[in-house]
Each structure stands twice: as structure tokens, then as C-alpha cells.
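Below: the structure, in C-alpha cells.
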Amino acid sequence: MEELVQHLTPILKEITGYIFPNEVELHWGILIVLYPYLTGLVAGAFILASLVKVFNVKELQPTYRIAMLTALAFLIVAPLPLLGHLGHPEKSYEIFLTPNTTSAMAMFGFVYAWYLMAVLLLEIWFDYRRDIILWASKEKGIKKWIHKIVSLFSKDISEKAIHFDKKSVKIVTIIGIPSAFLLHGYVGFIFGSIKANPWWSSVLMPIVFLFSAIVSGIALVLIIYMVVTPLRSKPIQMDCLDKLASYLFYVMIIDFSLEALDFIHRIYESEESIKILSELVSGKLFVSLVVIQLLMGMLIPLASIAATKIFKAPSELKKMVYFIAAILVEIGIFTTRWNIVIGGQLFSKSLRGLTVYKMTFFGLEGFLAAIGILILPFIILFILMKLLPPWEEARNP
Amino acid sequence: MEKKTNEAEKKLERRNFLKKLAVVSMAPIAFGFLGSGEKLMGLKKWVLDNGYVPKDHKWGMGIDINKCIGCGRCADACKNENNVPREPFFFRTWVERYRIYDDGEVLVDSPDGSIDGFEVLSTKKKMERSFFVPKICNHCDNPPCVQVCPVGATFKSEDGVVLVDSDYCIGCRYCIQACPYGARFLHPVTRTAEKCTFCYQRITKDKLPVCVEVCPTQARVFGELNKKASPLVRFLRMNKIGILKPSLNTEPKVFYANLDMEVK
């Protein structure tokens, strides 16, 4: 209590205009920025993986399993920031037991469980089953047992069984694409359906969320592929990388168009909230929205990828451009989430004033916790890669 | 004979056990069935024990802006009555001062929610109009906060009052985001959502909400919306009435007389 009051008192001096007294405490902080960021990476990585299985994009084969494991690693971590920000995490199970059917947030548990159990785990299991059985048959000790348990003690690697696996993967992927859309579209709906908040309330929100999710997912897999492959002293396959960069480019064009449409629409309709929102965008959000999200995270990567295509850049240069572009995109999408979540709480619902967000360093909702939550999926991914090597050469032990 | 009854008892026991097992195993998937209805049982029992029947009432409030002098006694009394933390970040009700100058500038303030009243202003600019606006939860008939609560901890009672069951609230703060009026806050000690209840502990015992009771100018009128003899119905008959943010279709049950267009 005292800590909170100490945190809030200096904010009183930084408020401009008038905000409702209950609005001094900003309720959704850095953890709620992380939540849509992490689920976005999950949905994006999965959709990238499904390009291989459903749309038969052969060039992307080397990244298929990497993308699946990435999606799983991030999905495991995704509920953590939500749990951390609750006033009563110990009561969170009530969302499952007595969900309010009119609440978008209440559906979280069901969407999450469906996506984890019915889509990701199932697809990974079917895709890896044959390899896990083969690995287990040649290994000893703990690893053998881990693989045996992960394969759920199945042993059948007859042609018929493998054919069934392949078919199942395809079916699960086909179910998975709308599920991934649901997973992230619904996160957008959590914000887009709040009519009290003119910055959030937009029918485009779920769609913008979705496409920015795909953008961030592709960029993440590109980064992981480019970091991990040299670490294993293997050559990076240029056709794969080019394809990744192309998809990144096209999806970014869609994402950019949608965001531009949203922006133009708001300005053209020029509703009651336009004054305070312009003040927000040209003031407190200028750096994170215009400079980082739009210029660094969108226009520069778009232009640089386009330049490599137009000037037919040599491979080494392309690699560097792709890598830097992907990093910029990740930063850009993170600030997109920031601008939505934090930006939507910086102005008062009285539409008469602006407040500030002061992140704490320590504590459950502080900077350190956020960094921890961001690093955790990479540790999980490392373990998953050790346990279920996603490389081509691991397929035939 | 005894053996037979024993067996019958055993059978019954087994059947009961199976029934319980079925109920327990159904629990995780039986979402929606155990909705807010179940949760309201405790509250219902409490109010019925007091001889209060929620469905016989429909409460609302009228606020006459012309009568409010901005003394802030309502905000102060509310904090005392409802154990609201005294710090200036938590309010169930507060008073705003509006100053509209002839150059079109609008200044709004509410220092410490008006608990100590307002400072006298000195400005050379010419004032066009000025007034005080008490704010409170609007107890919307179509409440967005209730719609979004993931666990059904906040609900509209049968008498129209929007309440929070703090035993169920998980502190996700979605309701705070969904309220267009800034009427909710997270209680810093209980870590659950808090808001005006029209002093539910008082109105169920035939008393007025404390903010209404302490108002020296009777700017606040509390009463039944469905009973012709109620002072609130008379208030609605005698005044031109406005509500806050009508475009959001929240259907507030707090009605303002002499509401200015600048009030949001």
C-alpha cells in the first residue's frame, strides 16, 4: 500500500490537463504489453510453419520444425505475464471453473488449452513420432526414456503408420490455421471491444493484431534460423532465407496498409476523441509510435528488403540486411504492443488530460520480471531443440 | 433381514458416491452452469435475512448540478462509510469543478477528489460559466464492466445496483478498463476491484447512501425508479435530464439536472 502510494504521488505532478482521480494508477503495465507480444509470436511462427505443410512451400522446409518448437516455447510462457499481473493469481483457476460467458477474457483458458493441446502438441507429436521412435531405439539412459515417454510408447513405424502421421499433420495444420487466427485475433478483440476506450475500440484491432503477429513470428524464426545454423557450423540456405524475407515483406505490406487504413479512418471520421488522441500521438507517443514503430520497425525494414530485391544484392549483404531488418521488426512489433496497451491508458476517459506510465524496476510487474519472461522462452526453446532436434540431418539417425 | 438393508445401504452409498464423482468430474467442463447465479446466493441470503427483497426495488440517483456547491462532504463521507483508502487515488465518488472562459478555454479540476473543497480562483480572464459536477458510478443498466468480467465477480443485482463480489474478483482490472466513467479502482489492500455500491449496506436497511445524506444542499436525490411517489421520479419529472456519455449506450441510472455539454 505505502509502496503504491509512493509510486503514485510523483505522477500527480506530471499529469497534464484533467484526468479522473481513479486514473492516476495505470492498471495494465509492461506485463500486459508482453502478453499480446508473446501470443503474437506463437501465432506468427505457427502460420509460418503451416506454409510448409498446407501450401507446400518447399524452400521453407528447414525452418518448419524450428517454427513449431518456437511456437511451443513461447506458448508455454504466454500465460505467465497474465498470471503475474493479477491481483489474486491464486484465484485464476476461477476463469476455468466459473467463466463469464460474455467476457472475452474468460475465453482465454479455452482458446489457450485448445491451441496447446489440440493443435501444437498434436502436430509436433505426429511430425516427430517416427524420429523419436528411431532415436529411442539407438539411445541409452535417460534420453532413451525421455524419448520413449514423449513418443507415448508408440512403436509402429510401418509405412502405413507413417502415412497416417503425415496425413494427421496436414489435418491438424488445416485446423491450426484458423486456431492461430482465433488465438491472436481474440487477443485483439480483448482490446478492440472496449467501447470506453477510443484508442482501442476498433473493429480492425483483431486483424491488425493478427497481421502484426505474423510479421513478428516470421521475423523471429528468421533470426533464430540465422543464429542457430552458423552455431551448428552448417551453411545457411539462401533460398530458404530469401523466401522468409519475401513473406516477411509481403505480410508487412498488408500490416502497414491495415494500420494506415486505421489511421486515415480515425482522422477522417474525426470523432470526439480526436483532439486528445492527436495530442497523445504528437507528444508522449511520438518516439515510440512514429520513430520506433513506424520508421524503424516498418519503413526501414521494408525499404531495405525491397532494396536487396531491386539491386539483386550479393548473398552476404542480403544476409546482413535480412538479419538487421528482422531485429528492427521485432523491436517495432514490441513497440506496437506497447503503443496499444500503454498508449491506450495514457489519456483520460474524460478526454481532457494525459498521464504518464512509470515502470518499476523490481517487483512482479517490473522491468526485471519482464526481461525474465522474455528470456524464458529462449531457454525453453534451447531445451526443446536438445530434446527434439529440428535439423534435417537428425531425421535419419 | 439386516443383511439386506445393509446391502441396500451400500448400494445407496455407492450410488451417491457415483453421483458425486460425476459432479466432480463435470466441474471443469460445466462452465456457464455455475455462473454468477451461484455466486449471488451468499448475497441473497444476507439481504433476505434483513427483510430486504432486491427485486421489489430499482434504485437510481439524481444530481442537480445547479445545487452543488463543491464542498466535497459527499466524497469525504463516502470514504469514511465505505473504508475507501484516504490517499488521493481511490474514489467511489468525487466532485469536479468546471471553469469555462470566454475565450473557449475549459479548465477542469478535482484536487483530492474535492474532499477539502476547492481553492478560490484568481484570474484576470473573464469567466463565462462555472459549476461543480459530482461523479459516481452510474450503475448502468447495460454495464460494460459486468460484460467483461472474466469470472462474473461483478454483477448487476436485481435492484439494478452494480456490485463486486470481492471473494471472486481475481484482480485482472478488465472492468476498470471497460468503465467509461473512471468509477472503478483496485483496492490497494484487498487487490480486488472496488466501486460505489449506492452504500448497499445502508439502502438495504432503508437508509440513504451516505453521500446523499450529508449533502448540505440536497444536490443528490436517491430513490426508486419504478415507484411514482419516489423523490427520484419527481426529480426526473421536474427537471431537464442528461446522462453521461449517452452515445456509449450504457444506460446510466444516475441522472443529471442542468448538465453542461462540457461534462464527460
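The values are calculated or read from the model by the stated rules, or taken from the named source; none is laboratory data. Please read all numbers here as calculations on a predicted model, not as lab measurements. Backbone-built Cβ (ideal geometry, glycine too); neighbour counts: all protein chains shown.
Restricting B:Leu163, B:Leu208 to those that are within 22 Å of B:Trp94 (Cβ to Cβ) and either of a type in the set (Lys, Arg) or without any contact (Cβ under 8 Å) to a residue 60 or more places away in the chain (or both) reduces the list to B:Leu208.
Report, by residue number, each residue of the range B:243-264 that is farther than 15 Å from B:Ala219 by Cα and touching an Asp or Glu at 6+ places or on another chain (Cβ under 9 Å). Residues satisfying the conditions are B:Ile243, B:Ser247, B:Thr250, B:Glu251, B:Pro252, B:Lys253, B:Val263, B:Lys264. Give the residues of the range B:58-73 that are within 15 Å of the chain's Cα centre (by Cα) and not in a strand (DSSP E or B), sorted by residue number. Correct list: B:Lys58 only. Under the condition of being within 12 Å of chain B (Cβ to nearest Cβ) and charged (D, E, K, R), the residues counted in the range A:1-46 number 4.
Which ones in the range B:171-202 are farther than 26 Å from B:Phe255 by Cα and surrounded by fewer than 24 Cβ atoms within 10 Å (Cβ to Cβ)? If the condition is that a residue be farther than 26 Å from B:Phe255 by Cα and surrounded by fewer than 24 Cβ atoms within 10 Å (Cβ to Cβ), then B:Gly171, B:Arg173, B:His187, B:Pro188, B:Val189, B:Thr190, B:Arg191, B:Thr192 are the ones that fit.
For the range B:247-261, the count of residues that are touching a helix residue (DSSP H, G or I) at 6+ places or on another chain (Cβ under 7 Å), within 14 Å of chain A (Cβ to nearest Cβ), crowded, with 23+ Cβ neighbours inside 10 Å and not in a loop (DSSP other than H, G, I, E, B) is zero.
Every residue, every condition in (1) free of Cβ contacts under 8 Å to residues at least 12 places away in the same chain; (2) surrounded by 19 or more Cβ atoms within 10 Å (Cβ to Cβ); (3) out of contact with any Phe, Trp or Tyr (no Cβ under 6 Å at 6 or more places or on another chain), yes or no:
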residue	(1), (2), (3)
A:Thr98	yes, yes, yes
A:Phe108	no, yes, yes
A:Asp127	no, yes, yes
A:Ser137	yes, no, yes
A:Ile149	yes, no, yes
A:Glu159	yes, no, yes
A:Ile162	no, no, yes
A:Val172	no, yes, yes
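Tell me yes or no: at least one residue of the range B:135-154 is closer than 20 Å to B:Phe255 by Cα and among the hydroxyl-bearing types (Ser, Thr, Tyr). No. Take the range B:205-219 and flag every residue that is crowded, with 21+ Cβ neighbours inside 10 Å and either on the phi > 0 side of the Ramachandran plot or touching a Pro at 6+ places or on another chain (Cβ under 8 Å) (or both). Those that are crowded, with 21+ Cβ neighbours inside 10 Å and either on the phi > 0 side of the Ramachandran plot or touching a Pro at 6+ places or on another chain (Cβ under 8 Å) (or both): B:Cys211, B:Ala219. In the set (1) modelled with pLDDT of 95 or more; (2) within 16 Å of A:Val54 (Cβ to Cβ), A:Trp200 fails one condition alone, (2). Which residue pairs have Cβ atoms under 8 Å apart, sit 6 or more places apart or on different chains, and have a first residue in the range B:95-113 that is within 10 Å of B:Ser130 (Cα to Cα) and more than 9 Å from chain A (Cβ to nearest Cβ) and a second that is among the hydrophobic types (A, V, I, L, M, F, W, C) and in a loop (DSSP other than H, G, I, E, B)? Listed by first residue and then by second, the contacts come to B:Arg97/B:Phe118; B:Tyr98/B:Val263; B:Arg99/B:Leu121.
Within the range A:352-379, take every residue that is surrounded by fewer than 18 Cβ atoms within 10 Å (Cβ to Cβ) and under 18 Å from the mean Cα position of the chain (by Cα) and give me the one that is nearest to B:Glu96 (Cα to Cα). So the residue we want is A:Ile371. Looking only at the range A:214-243, residues that are crowded, with 24+ Cβ neighbours inside 10 Å, in contact with a Leu (Cβ under 7 Å, 6 or more places away or on another chain) and not hydroxyl-bearing (Ser, Thr, Tyr) come to 7 in all. Of all the listed residues (A:Leu364, A:Leu328), the sole one being assigned to a loop (DSSP other than H, G, I, E, B) and of a type outside the set (D, E, K, R) is A:Leu364. Of all residues in the range A:78-96, those being in contact (Cβ under 8 Å) with a residue 60 or more places away in the chain, away from every other protein chain (no Cβ under 14 Å) and crowded, with 23+ Cβ neighbours inside 10 Å number 0.
Which condition breaks for B:Gly223 when tested against (1) of a type in the set (Gly, Ala, Ser); (2) within 9 Å of chain A (Cβ to nearest Cβ); (3) not in a helix (DSSP H, G or I)? For B:Gly223, the exception is condition (2). Taking the conditions (1) surrounded by fewer than 15 Cβ atoms within 10 Å (Cβ to Cβ); (2) under 30 Å from A:Ile15 (Cβ atoms) in turn, A:Ser257 satisfies each one other than (2). Quick one: count up the residues across the range B:74-90 that are of a type in the set (S, T, N, Q) and either surrounded by fewer than 18 Cβ atoms within 10 Å (Cβ to Cβ) or outside the structural domain of B:Ala219 (by TED's automatic domain parsing) (or both). Residues flagged as of a type in the set (S, T, N, Q) and either surrounded by fewer than 18 Cβ atoms within 10 Å (Cβ to Cβ) or outside the structural domain of B:Ala219 (by TED's automatic domain parsing) (or both) within the range B:74-90 amount to 2. Kindly evaluate B:Gly60 against the criterion of being farther than 23 Å from A:Glu25 by Cα and in contact with a Leu (Cβ under 7 Å, 6 or more places away or on another chain). Taking the combined requirement at face value, the residue satisfies it.
Here's the yes/no breakdown for (1) among the hydroxyl-bearing types (Ser, Thr, Tyr); (2) closer than 30 Å to A:Val111 by Cβ; (3) at pLDDT 95 or above:
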| position | (1), (2), (3) |
| --- | --- |
| A:Glu3 | no, no, no |
| A:Thr16 | yes, no, yes |
| A:Ile32 | no, yes, yes |
| A:Ala45 | no, yes, yes |
